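Structure record follows, encoded as structure tokens.
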2 protein chains.
Amino acid sequence: MNAEFGELDERKKKILHAIVNAHIRVGGPVGSKYLAQHQHITLSSATIRNEMAELEALGYLEQPHASAGRIPSERGYRFYVNSLMEKYRLTSAELRQLNNLMKSKIEELDKLLEAATKLVSSLTNYTSLTVKPPQHEVVITHIRLLYLDTQTFLLVLVTSTDIVKTKYVRSPMVVTDEMLRTLEIELNAYLTGIPVERITLPVIMELTSRLSEYEQLVSSIIRYIYDAVGEIDSGDLHVEGINLLLQYPEYSDVERFKELLKMLERKEDILNIISERDADSTQVIIGGESRVEVMHNSSLIFRKIRRGGRVVGAIGVLGPCRMDYSRVIATVEHLADCISKRAAGIIPGLSTAPDDEAYIKPPED
Amino acid sequence: MNAEFGELDERKKKILHAIVNAHIRVGGPVGSKYLAQHQHITLSSATIRNEMAELEALGYLEQPHASAGRIPSERGYRFYVNSLMEKYRLTSAELRQLNNLMKSKIEELDKLLEAATKLVSSLTNYTSLTVKPPQHEVVITHIRLLYLDTQTFLLVLVTSTDIVKTKYVRSPMVVTDEMLRTLEIELNAYLTGIPVERITLPVIMELTSRLSEYEQLVSSIIRYIYDAVGEIDSGDLHVEGINLLLQYPEYSDVERFKELLKMLERKEDILNIISERDADSTQVIIGGESRVEVMHNSSLIFRKIRRGGRVVGAIGVLGPCRMDYSRVIATVEHLADCISKRAAGIIPGLSTAPDDEAYIKPPED
DNA sequence: TTTAGCACTCGTGCGCTTTAAGTGCTAACA
DNA sequence: TGTTAGCACTTAAAGCGCACGAGTGCTAAA
């Protein structure tokens, strides 16, 4: 009982490591006897049992029921991914397939991503997914400002894809109905009818100078428009190889699987998870870490793809928590990096490279 | 035993009708007692039993096991769809939703189709699907003619999407290696690098006149190119609401469902089924009629969408054989017709309306 | 501190019985 | 001659009990 809170001694790490590895391979709960025999651990099953009981008390393992072995808890997986797992080296066969894809002459980023998804599915045996940049440019067709009271108003956006977005805006200055109507006219004149990607700095400068009396107001509105557009424009999720999930007993409960499917088809949750995470490293989201109910038994690994500082997509893998993290991470990372490198030379959509830095950046806050 | 082969007397029709209706509603096998009580049939259960036994002998019904009621056979469903089923009138609520969609300002055909799929799923409670016209124009980048013998050669096409298609061509005239090389150069000069949709009559006229000495050969090659392009270019299948299938006990066998999912993800089978069927009526494919193994327990209903004589997509529904055919057909038909009508005014992709009749038509054979 | 041994727990699988639904057949009936 | 009531028969599904086995926790010995 000398394990300090939050830190594990070497032996515990070794045992936890072995348990996670075994569980990922075999699927069922793993018991002390199995570890004593099959893994190269030179301890008796009884000692292992003691260690396992402590690991459970510390929250790294759990027991499906009293007479079963242990399975890693979410915390166990997390520790495994952060500290235990050894880096997987892609086999030459895997590298060959990955490189074949990259050598192919697929020009469009979204086609490339689609092909990449298929490959990732077949390499990892898990469901894979990509976020593609939106195929059609979103155009704002109407902007409305609805007066609520002197401090607040409602911003309503209607887009060419018939999506309506509304935002409450707390005004930084006192507003009147007339002010809002004037602003509305100007905003519509300047911002509707052009692709949102084209709402560049010059356009905004022009607009704010024209409306200098309302400067603070305009900047806060623009910011809200930017946010709203971001939500509309978060790209399109493409999922491949859902059938692969069904090979894992984790998904044999039809009802749960149905809910997962529904979530994937709604797309929203996954897009949210992806968009709210950091773009500069491979993200590993284990079970409930996603805060999405139906993902509790699943893990999601993904990496965003950048081009010239701008995130233009993502590629990821969805599978049971008992996922071969090491291999999946290596695959996703390799592919995402290759695509990012290649994307640097590709013109996505209609925007041309030099424009890149002219896009609105959402204010930090 | 007076039922003539192939024809059913009124009473049998009435009973078959009632059985199919009840089965579609309830799901389980339906028995004689149930029919005698709940349907407005003024016969005793014993009489119904006799009729059912005959209907089974004639192949319209089958019995899952000796002590169960009857369920319709494929033939039973077919007869029901062709002759028994009453036409479903869309409710005003359904019509409202359908019309809302059509009134929306979605401009692009593929976006419209995607929205339509979602709506069909939610209206019918089955999985729905659309075939969208290909998003990216296919460009042929290389044409190769490989000499095999004096009567045959191999046509190899490489497209911008890195797809390679080969066709054996039986030549209508004796060919030599030199001839093929000359032809190859000309074909490449005229047909590569432009979207296949732009390979219009003028282009072909020009080409054939330039190569008049090989006229028959050229026309047969063009035809093969057209076929091959059709295969490349058969559009993109989009499936929505797969999770809905899982509410039907027909899909509770995980292994079978997995195979179905795999088939849907491969897309090929469904695209084949759709492309080889007639374009001018709603198609109903019941169970094994599709010749696709995993579809044996499922039915597919779809209708193609035309624009100016050209098929530009399709919309359909996939569900258990025990499907509410009447309602699904009404929904699909209504929506497909609306979209076809609207598509007449929409410019899909880059092609402009007046060009329409200038596209190559594949020779009749 | 480690290990061997043992009693205990609990999920799983198997075979048994019961139940209920539905049939086919026979005989009576209109 | 067609229809119906009644009954014996069939069978899948559901419920039950029991033995099995995997794995644990604990105790005591090394």
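Worth a mention:
- Each copy carries B:His65; placing its label point 7 Å along the C-beta direction from Cα gives inter-copy distances of 2.6 nm, listed from smallest up.
- Expressed as a fraction of 2.2 N^0.38 Å, the C-alpha radius of gyration for the protein assembly as shown is 1.15.
- Take B:Glu259, push a point 7 Å out from Cα through the beta-carbon direction, and compare it with the same point in every other copy: 3.0 nm, smallest first.
- Degrees between helix A:215-232 axis and first principal axis of chain A (Cα, 0 to 90, nearest 10): 50 degrees
- Taking chain B as a Gaussian network of alpha-carbon nodes connected by springs under 10 Å, the highest mean-square fluctuation of the residues B:Glu276, B:Glu289, B:Glu250 belongs to B:Glu276.
- The relative contact order of the stretch A:1-65 comes to 31 percent, based on Cα pairs under 8 Å that sit 6 or more residues apart.
- Karplus-based coupling profile of the stretch A:246-252, in residue order and whole Hz: 5, 7, 9, x, 3, 10, 7, with θ = phi - 60° in 6.51 cos²θ - 1.76 cosθ + 1.60 and x standing for Gly or Pro.
- Exam field: B:Ile185 pseudo-label spacings to other copies (7 Å along Cα-Cβ), nanometres: 6.8
- Total accessible area lost when B and A pair, probe 1.4 Å, Å² to nearest 100: 2300 Å²
- Per the Kirkwood formula applied to alpha carbons, the stretch B:140-233 shows a radius of gyration over Rh ratio, Rg over Rh, of 0.93.
- Helix B:92-103 vs. chain B, principal-axis angle (Cα, 0 to 90°, nearest 10): 10 degrees
- The mean accessible area for residues of chain A, using a 1.4 Å probe and ignoring ligands and nucleic acids, is 48 Å² per residue.
- Inter-chain Cβ neighbour average for residues A:251-263, partner chain, 10 Å: 3
- Between helix B:254-266 and chain B: long-axis angle, C-alpha atoms, 0 to 90°, nearest 10: 30 degrees
- Placed amide H near A:His296: partners under 5 Å, 5+ positions off or other chain: none
- Separation of alpha-carbon centers, the stretch B:256-330 and the stretch A:260-309, rounded to whole Å: 33 Å
- Per residue Cα convex hull volume in Å³ - calculated over the stretch A:10-84: 82 Å³
- The stretch A:25-47 and the stretch B:23-46 have Cα centres lying 59 Å from one another.
- Subset of A:Lys262/B:Lys103; A:Lys118/B:Lys304; A:Lys258/B:Lys103; B:Lys118/B:Lys304 violating a 25 Å alpha-carbon distance limit: A:Lys262/B:Lys103; A:Lys118/B:Lys304; A:Lys258/B:Lys103
- With a cut-off of 13 Å between beta carbons, the residues surrounding B:Asn99 carry a summed charge of +2, where Lys and Arg count +1 and Asp and Glu -1.
- Sequence-distant residues sharing a close amide H with A:Glu62 (under 5 Å, placed H): A:Ile71, A:Ser73
- When shorter helices are ignored and each DSSP H run of at least 4 residues is given -39500 (n - 2.57), the per-residue value for chain A at 222 nm works out to -13500 deg cm²/dmol.
- The stretch B:140-233: relative contact order as a whole-number percent, Cα under 8 Å and 6+ apart: 27 percent
- Our summary gives the stretch A:207-332 a relative contact order of 16 percent, counting only alpha carbon pairs under 8 angstrom and 6 or more residues apart.
- Convex hull volume per residue, computed on the Cα atoms of the stretch A:41-113, equals 174 Å³.
The values are calculated or read from the model by the stated rules, or taken from the named source; none is laboratory data. A quick note: this is a predicted structure, and the numbers were derived from the prediction, not measured. All Cβ positions, glycine included, derive from the backbone under ideal geometry; neighbour counts span all protein chains shown. These area figures cover heavy atoms from the full protein model, side chains too; ligands, DNA and RNA do not enter into them. Shrake-Rupley method; radii C 1.70, N 1.55, O 1.52, S 1.80 Å.
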